[in-house]
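This report refers to the structure that appears directly beneath it.
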Amino acid sequence: MSTEDLAALAAGHERLYGSAPDGIWTAPGRVNLIGEHTDYNDGFVMPLALPHSATATVSRRTDGVLRVHSREIDTPPAVIDLADLAPGSVAGWAAYPAGVVWALREAGHAVGGADLHVASDVPVGAGLSSSAALEVVTALALSELYGLGLGREDLARIGQRAENGYVGAPTGILDQMASACCAEGYALHLDTRDLSQRQIPFDLAAEGLRLLVVDTQVKHAHADGAYGRRRASCEAGAAALGVRALRDIPFAELDAALARIEDAEVRRRVRHVVTENHRVERVVALLDAGRVRDIGPLLVEGHISLRDDFEVSCPELDLAVEASASAGALGARMTGGGFGGSAIVLVEEDTAEAIGKAVADAFAVAGHTAPRIFTAIPSPGARRLPVR
Ligand code: GAF
C-alpha cells in the first residue's frame with residue numbers, strides 16, 4: 001500500500017471511530033507452489049506470500065466491544081460485545097476478526113475490545129487466502145496492542161482456530177502459516193506436523209521466469225461439505241493403514257499401502273496425498289540445485305493428481321492448466337483448496353504475455369467468465385507498518 005493509501009486508511013479510521021488508530025498492520029494472501037491438501041495430513045507445503053494483503057488500522061478499546069469496518073464493503077461498522085462472542089454469533093466477513101478475538105480469549109489471552117478498519121486487495125473466494133490474511137492481521141495487531149508477545153506460529157494457530165472453531169471451516173494451517181511466516185523473495189518449505197520451516201530463495205525474475213496467477217473467478221468456500229469430506233477420507237485412509245496421519249506413509253511404500261485399502265475413493269485420496277508430499281520434496285531438491293525450470297512437470301503432475309485422484313479441480317482450472325501448457329508454459333497447476341479459485345503458471349518471462357492471452361482466449365472460446373491474470377511476486381509476511 002502506498003504512503004498515501006495508508007494515510008487515507010488512517011484518516012478513514014479517525015472519521016469512523018473519532019480518533020487516530022494506535023497502529024497499522026498488514027498480512028498477505030498467498031499462492032501455494034506445491035503441496036496441496038497435505039497440511040491436514042501433517043504433510044509438506046510450499047507457499048509464497050503475494051503482494052495482495054489485508055491491511056488494518058487498529059486501536060484498543062477498554063469497554064469489551066469490538067468494532068470492525070471494511071473499506072471495500074463500507075457498511076456501518078459491525079459492533080460486537082465480546083461477552084456475547086460465541087461461534088456463529090457473527091456472520092459475513094466480520095466473523096474472521098471476531099473469530100480471532102474469540103480464539104485469543106479461548107487460548108486464555110486477556111484481550112479486550114478494539115476498533116478495526118480493514119482494507120484488503122486479496123481477491124475473495126479466489127483460493128488466495130483472503131480469510132487467512134484477515135485472521136493473521138487481526139491476531140498480530142491484537143498481540144502487539146495487548147502485549148501478548150505471540151510468535152509467528154502462535155499467530156497462525158490462532159487464525160486456524162478462528163477458522164475451524166468460529167467460522168466453521170475445517171481447514172489446515174497452510175494459509176495462516178503462509179501469511180504469518182513467508183518472506184520477501186522466498187518460498188516457505190513447511191512441515192505442517194511440527195511447523196519446522198526453511199525459507200527457499202525464489203527469485204524468478206533473476207532466472208528470466210515468471211509465476212502467473214490465473215484467477216478463474218469461480219468462487220469457492222471451505223465451510224461447505226466438499227473440503228470436509230476430503231479431509232474425512234484422508235482420516236479414514238490413515239485409520240485403515242494404522243498411522244497417525246497420511247504423512248507417515250513413505251512414498252516407497254505407497255503401493256503396498258494402497259493394496260490394504262478397500263474403498264476405491266479412499267485409495268485415490270491417499271494416493272494423492274502421498275504422491276503430493278513426495279512432489280514437494282522433489283521440488284525442494286530441484287530448487288536447492290538451482291533447477292527452477294525443471295519443477296514445471298511436477299506442477300502439472302500435481303494438478304493431474306488433484307484433478308483425478310483428489311477430485312478438487314473444476315473445468316475452468318483444468319482449462320487454465322491445459323491452455324497454458326499448450327501455449328508453452330513450463331508447468332501449471334491449481335493452487336489452494338480448489339473447487340474454483342486460481343491456478344499458477346510457470347513461464348519464461350518473454351512468453352508471459354502470449355501465454356496469458358492464450359489462457360484468456362481459451363476461456364472466451366469455452367464461454368467462461370474472463371480470468372484475472374497477474375504475476376505472483378514473493379512478498380513479505382505479516383508485519384506492522386510505519387504510520388507517517
Ligand atoms: C485451503 C485450506 F485452507 C488449507 O488449509 C489447505 O488445506 C488448502 O486448501 C489445500 O492445500 O486453502
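Details
- Of the residues making up region 142-152, one or more are over 25 Å from D63 (Cβ atoms), away from the ligand (no atom under 16 Å from the Cβ) and touching a residue at least 24 places away in the same chain (Cβ under 8 Å).
- Single match in R157, R198, R152, R210 (criterion: touching a Ser or Thr at 6+ places or on another chain (Cβ under 6 Å) and at negative phi): R210
- Annotation note: Cβ proximity below 9 Å between a residue of region 229-244 that is more than 12 Å from R268 (Cβ to Cβ) and a residue that is among the acidic types (D, E) and part of a helix (DSSP H, G or I) (sequence gap 6+ or interchain) occurs for A238/D248; L241/D248.
- Taken over region 89-102, the criterion of being over 17 Å from A27 (Cβ atoms) and not in a loop (DSSP other than H, G, I, E, B) is satisfied by G92, W102.
- Region 169-185, residues that are farther than 14 Å from N32 by Cβ and more than 13 Å from the ligand (Cβ to nearest atom): A180, A183, E184, G185
- Across region 194-216, the qualifying residues are those that are assigned to a loop (DSSP other than H, G, I, E, B) and touching a Gly at 6+ places or on another chain (Cβ under 8 Å), and the one among them that is nearest to the ligand (Cβ to nearest atom) is T216.
- Search result, residues across region 321-375 that are part of a loop (DSSP other than H, G, I, E, B) and within 16 Å of the ligand (Cβ to nearest atom): G336, G337, G338, F339, G340, G341
- Residue count for region 286-296 satisfying the condition of being free of Cβ contacts under 8 Å to residues at least 60 places away in the same chain and within 23 Å of the chain's Cα centre (by Cα): 1.
- Just one residue in the set E262, E281 is in a helix (DSSP H, G or I), out of contact with any Leu (no Cβ under 8 Å at 6 or more places or on another chain) and either polar (S, T, N, Q) or surrounded by fewer than 18 Cβ atoms within 10 Å (Cβ to Cβ) (or both); that residue is E281.
- Residue match in region 78-98 (condition: within 22 Å of P21 (Cβ to Cβ), of a type in the set (S, T, Y) and surrounded by 21 or more Cβ atoms within 10 Å (Cβ to Cβ)): yes
- Note on region 1-88: enclosed strands (runs of 3 or more DSSP E) holding 3 or more residues that are within 16 Å of the ligand (Cβ to nearest atom) and either aliphatic (A, V, I, L, M) or at negative phi (or both) are 23-32, 47-61.
- Candidates V266, V243, V300 - the one that is closer than 22 Å to P47 by Cα and among the aliphatic types (A, V, I, L, M): V300
- Exactly one residue out of A126, A133, A169 is in a helix (DSSP H, G or I), touching a residue at least 12 places away in the same chain (Cβ under 8 Å) and not charged (D, E, K, R): that is A133.
- Residue list for region 50-66, filter: crowded, with 24+ Cβ neighbours inside 10 Å and either in contact with a Gly (Cβ under 6 Å, 6 or more places away or on another chain) or not small (G, A, S) (or both): L50, T57, V58, L66
- Of all residues in region 195-214, those that are hydroxyl-bearing (S, T, Y) have Cβ atoms under 8 Å from Cβ atoms of residues that are surrounded by 17 or more Cβ atoms within 10 Å (Cβ to Cβ), 6 or more apart or on another chain, in S196/L190.
Throughout, read-outs are computed from the coordinates displayed, never taken from laboratory work. Remember, it's a predicted structure, so these values are computed and weren't measured experimentally. Every residue, glycine as well, gets a Cβ built from its backbone with ideal geometry; the counts of neighbours run over all protein chains shown.
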